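Here the structure comes first, spelled out in structure tokens, and everything after it is commentary.
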Amino acid sequence: MDQIKIGKFIAEMRKQQGLTQREFSELIGISDKTVSKWECGNGMPDVSLMQLLCDALKINLNELFSGEKLTDADYKKNAEKNIMELAKEKEEIKKNIVGGKVIGHALNIDLNVNTAHNTNTEFWNTIGSEFLGSTALPSYGGYITEDKLNLLGNLANKKVLEIGCGNGRSLKYVFDKGATDLWGIDISPNQVKRTKNFLALQGISAELKCAPMEDDCGIPTNYFDLVYSVYGIGWTTDLNKTFRQIYSYLKKDGVFIFNWSHPIHKCVSLENNKLIFSNSYFDEKWYSATMGDKKIMLSNRKLSTYINALADNGFMIEKLVEDNDEDLVNEEETEFSRKAKMLPVAFVIKARKM
Ligand SMILES: C[S@@+](CC[C@H](N)C(=O)[O-])C[C@H]1O[C@@H](n2cnc3c(N)ncnc32)[C@H](O)[C@@H]1O
């Protein structure tokens, strides 16, 4: 299925019916954000909505799957092709959830570290933030906020390192809290440039490294009071190697804080207000998924995988946060917030170098 083509077709047919995104969304009982997501090619309508959507747009299902109006002659040919594609996708489908986003289909792959690094670098160099958004402190993503938890403690005159520094917003946050020696590492040259430019505009200087977090890239050892990462660690191709590196950067008693999407969140999708278990919690296979015209490569990891890797590398775990902040959840009425009322969507771990 060509999601981009289908998205453009939905937009075109909606306009032909003289409907705004809001009017169309009200007609089929979903949010206008969801309509906008489909129209950008970022996700497909749920099966339960498809007939309603086709009726509203005065098209048939075959035309929806084809992403174009069909003549009678094309109808049969396309119907057969679409049925074959649907059958194939059903075999390969794993509802793939990164952060708050459902990003379509995931294909299991064998991990090749270079390919994963190149693929993910290309994604973050280009459309990464546009598709996945950016999450910076005080938010840990999901519905968890540093403002309420105060995990970072007193940062006055602290030496801090961010893993996967993205666009630099979190480094600005720790600077504002008093940290004086700022470091960041990110695999994407463009993200490093974004961090550099953003911090320069604020008159903040930081030491930035463009390298994979798994590798030794000359970051000083036994040096940092705090190493942290907001939606960064899950991108590693080697959790043990990464935690070993991070352990080496920290001073004794130094703190490591990171968050990631909660692994249970990826297994369960919300359909018609019911949570449906669609992926195995135990599945840690690597997969590739397409967003827009780019790919990402990731794997899901169980919570115990993170915790055991920390313990194996000498960390003591001080806190595991998986509760959603009720005030934040109640601020919005989205599929994501409805899901967050029933299960954790992100987690944060605070660990210490012993
Ligand atoms: C979700 S973003 C988090 C960034 C930051 N919290 C923000 O809001 O901008 C993930 C970051 O990890 C980086 N990344 C992905 N794989 C990496 C790797 N193997 N080593 C270092 N950085 C990596 C990406 O380039 C991206 O900037």
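Inspect all residues belonging to the range 141-164 and state whether any of them is closer than 20 Å to P344 by Cβ, of a type outside the set (G, A, S), part of a strand (DSSP E or B) and in the same structural domain as Y249 (by TED's automatic domain parsing).
So far as the range 141-164 goes, yes, one or more of its residues are closer than 20 Å to P344 by Cβ, of a type outside the set (G, A, S), part of a strand (DSSP E or B) and in the same structural domain as Y249 (by TED's automatic domain parsing).
Among (1) assigned to a helix (DSSP H, G or I); (2) at pLDDT 85 or above, where does K69 come up short?
Looking at each condition in turn, K69 falls short on (1).
When the residues of the range 199-227 are filtered to those that are outside any loop (DSSP other than H, G, I, E, B), without any contact (Cβ under 8 Å) to a residue 40 or more places away in the chain and among the aliphatic types (A, V, I, L, M), which remaining residue is surrounded by the most Cβ atoms within 10 Å (Cβ to Cβ)? Break it down into steps so the answer makes sense when it comes.
Restricting attention to the range 199-227, the residues satisfying the condition of being outside any loop (DSSP other than H, G, I, E, B) are 199-201, 207-210, 224-227.
Applying the additional criterion that residues be without any contact (Cβ under 8 Å) to a residue 40 or more places away in the chain yields 199-201, 207, 209-210.
Subsequent filtering for residues that are among the aliphatic types (A, V, I, L, M) retains 199-201.
Working: L199: 22, A200: 12, L201: 10.
Filtering first and then ranking leaves L199.
Give me the residue from the range 156-171 that is near the ligand (Cβ under 8 Å from one of its atoms) and touching a residue at least 40 places away in the same chain (Cβ under 8 Å) and, out of that set, surrounded by the most Cβ atoms within 10 Å (Cβ to Cβ).
Step one: of the range 156-171, the residues near the ligand (Cβ under 8 Å from one of its atoms) are 162-170.
Filter once more, so that each one left must be touching a residue at least 40 places away in the same chain (Cβ under 8 Å): 162-166, 170.
On the way: E162: 28, I163: 24, G164: 23, C165: 31, G166: 27, S170: 27.
Checked the range 156-171; the qualifying residue surrounded by the most Cβ atoms within 10 Å (Cβ to Cβ) is C165.
Residue under question is V174, and the condition is that it be of a type in the set (V, I, T), open to solvent by less than 30 Å² (accessible area, probe 1.4 Å), within 13 Å of the ligand (Cβ to nearest atom) and in contact (Cβ under 8 Å) with a residue 12 or more places away in the chain; does it hold? Reasoning before the result, please.
Numbers: of a type in the set (V, I, T): yes; open to solvent by less than 30 Å² (accessible area, probe 1.4 Å): yes; within 13 Å of the ligand (Cβ to nearest atom): yes; in contact (Cβ under 8 Å) with a residue 12 or more places away in the chain: yes.
For V174, the condition - of a type in the set (V, I, T), open to solvent by less than 30 Å² (accessible area, probe 1.4 Å), within 13 Å of the ligand (Cβ to nearest atom) and in contact (Cβ under 8 Å) with a residue 12 or more places away in the chain - is met.
Of all residues in the range 1-41, which are within 20 Å of S66 (Cα to Cα), outside any helix (DSSP H, G or I) and open to solvent by less than 70 Å² (accessible area, probe 1.4 Å)?
Listed by number, the residues that qualify are M1, Q17, G41.
Please go through (1) within 21 Å of the chain's Cα centre (by Cα); (2) within 16 Å of A136 (Cβ to Cβ); (3) away from the ligand (no atom under 15 Å from the Cβ) for I276 and return the number of the only condition it doesn't satisfy.
(2)
Could you tell me which numbered condition K196 fails, if it satisfies all but one of (1) more than 15 Å from the ligand (Cβ to nearest atom); (2) open to solvent by 20 Å² or more (accessible area, probe 1.4 Å); (3) free of Cβ contacts under 8 Å to residues at least 40 places away in the same chain?
Among (1) more than 15 Å from the ligand (Cβ to nearest atom); (2) open to solvent by 20 Å² or more (accessible area, probe 1.4 Å); (3) free of Cβ contacts under 8 Å to residues at least 40 places away in the same chain, K196 violates only (1).
With the structure loaded, tell me whether N62 is outside the structural domain of S278 (by TED's automatic domain parsing), part of a helix (DSSP H, G or I) and of a type in the set (S, T, N, Q) or whether it fails that test.
Working: outside the structural domain of S278 (by TED's automatic domain parsing): yes; part of a helix (DSSP H, G or I): yes; of a type in the set (S, T, N, Q): yes.
Answer is yes for this residue.
Do you know which residues across the range 133-142 are at pLDDT 80 or above, within 6 Å of the ligand (Cβ to nearest atom) and open to solvent by 30 Å² or more (accessible area, probe 1.4 Å)? Before the answer, list the steps.
The first filter runs over the range 133-142 and keeps only residues at pLDDT 80 or above, leaving 135-142.
If we keep only those that are within 6 Å of the ligand (Cβ to nearest atom) too, we end up with 135-136.
Matches in the range 133-142: T135 only.
Can you confirm whether L298 is of a type in the set (A, V, I, L, M, F, W, C), touching a helix residue (DSSP H, G or I) at 6+ places or on another chain (Cβ under 6 Å) and surrounded by 19 or more Cβ atoms within 10 Å (Cβ to Cβ)? It would help to see each step written out before you state the result.
On the way: of a type in the set (A, V, I, L, M, F, W, C): yes; touching a helix residue (DSSP H, G or I) at 6+ places or on another chain (Cβ under 6 Å): no; surrounded by 19 or more Cβ atoms within 10 Å (Cβ to Cβ): yes.
No; evaluated as a whole, the condition is false for this residue.
For the structure I just gave you, tell me whether E130 is away from the ligand (no atom under 13 Å from the Cβ) and of a type outside the set (A, V, I, L, M, F, W, C).
So E130 fails the test.
Sort out which residues of the range 5-45 are closer than 22 Å to M291 by Cβ and among the β-branched types (V, I, T), and write them in order of number.
I6, I10, I30, T34, V35, listed by residue number.
Could we say that I257 is surrounded by 21 or more Cβ atoms within 10 Å (Cβ to Cβ), within 13 Å of the ligand (Cβ to nearest atom), more than 20 Å from the chain's Cα centre (by Cα) and in the same structural domain as V348 (by TED's automatic domain parsing) here? Spell out how you get there, then give the answer.
Numbers: surrounded by 21 or more Cβ atoms within 10 Å (Cβ to Cβ): yes; within 13 Å of the ligand (Cβ to nearest atom): yes; more than 20 Å from the chain's Cα centre (by Cα): no; in the same structural domain as V348 (by TED's automatic domain parsing): yes.
Criteria not met by I257.
The values are calculated or read from the model by the stated rules, or taken from the named source; none is laboratory data. If you're wondering where the values come from, they're calculated on a predicted model, not measured in any experiment. Note: ideal-geometry Cβ built from the backbone for every residue, glycine included; neighbour counts use all protein chains shown. Please note that ligands, DNA and RNA were not included when accessible areas were found on the heavy atoms of the full protein model with its side chains. Shrake-Rupley method; radii C 1.70, N 1.55, O 1.52, S 1.80 Å.
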